[in-house]
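Student: Pasting a structure here, questions to come.
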Amino acid sequence: MQPIGKTIVILGVILVVIGLVVWLAGDKFSWFGHLPGDIRVEKKNMRFYAPITSMILLSILLSLALWLFRKLF
């Protein structure tokens, strides 16, 4: 059970660090969600938002981070 506990603690620390970065530098990431390719439709009584490009970018970054994590540990 020790490896599972260690993994949970490491993931918790990573989430705290990400949370602090977003909290302290949130205004620096205002471009995220407004990239070319993100679909936004706003009408009188309806809104539709599909952040396709932003999610592809996030997927690539998370895949790279997890690949590096597996290589290092």
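Student: Got a number for carbon plus sulfur as a percent of the chain's accessible area, 1.4 Å probe?
Tutor: Reported share for carbon and sulfur atoms: 74 percent.
Student: Label 7 Å along Cα→Cβ of ALA25; segment 32-73 residues with amide nitrogen under 20 Å?
Tutor: Correct set: 32-35, 54-55, 57-66, 68-69.
Student: Using only C-alpha positions, report the orientation-averaged shadow area of the convex hull of the chain, nm², one decimal.
Tutor: Directional mean of the projected Cα hull area for the chain stands at 7.2 nm².
Student: Shifting gears a bit: Assuming R0 = 22 Å, what is the FRET efficiency of HIS34 and LEU64, from their Cβ-Cβ distance, to the nearest 0.05?
Tutor: After rounding to 0.05, the efficiency reads 0.45.
Student: Full-extension gain between VAL41 and ILE56, please, as 0.36 nm times their residue separation minus the C-alpha to C-alpha distance.
Tutor: Stretched fully, the VAL41-ILE56 segment lengthens by 3.4 nm.
Student: Helix 2-24 versus the longest principal axis of the chain: what angle, 0 to 90°, nearest 10, using Cα atoms?
Tutor: With both axes taken from Cα atoms, the answer is about 40 degrees.
Student: Shifting gears a bit: Quick check for me: using +1 on Lys/Arg Cβ and -1 on Asp/Glu Cβ, what's the dipole size of the chain about its Cα centre, in debye to the nearest 20?
Tutor: Computed about the Cα centre, the dipole is about 120 debye.
Student: When the helix-only estimate is applied to the chain (DSSP H runs of n ≥ 4, each -39,500 (n - 2.57), divided by the residue count), what is the mean residue ellipticity at 222 nm, nearest 500 deg cm²/dmol?
Tutor: Using -39500 (n - 2.57) per qualifying helix, the result is -21000 deg cm²/dmol.
Student: Among ILE14, ILE60, ILE52, whose mean-square fluctuation peaks in a Gaussian network model of the chain (Cα, cutoff 10 Å)?
Tutor: Residue with maximal mean-square fluctuation among ILE14, ILE60, ILE52: ILE14.
Student: Can you give me the accessible area per residue for the chain, using a 1.4 Å probe, in Å²?
Tutor: Heavy-atom SASA per residue in the chain reads 92 Å².
The values are calculated or read from the model by the stated rules, or taken from the named source; none is laboratory data. What you see is a predicted model, and the numbers here were worked out from it, not measured in a lab. Quick reminder, even Gly has a Cβ in these numbers, built from the backbone with ideal geometry, and neighbours come from all protein chains shown. Surface accessibility is based on the protein's heavy atoms, side chains included, excluding ligands, DNA and RNA. Shrake-Rupley method; radii C 1.70, N 1.55, O 1.52, S 1.80 Å.
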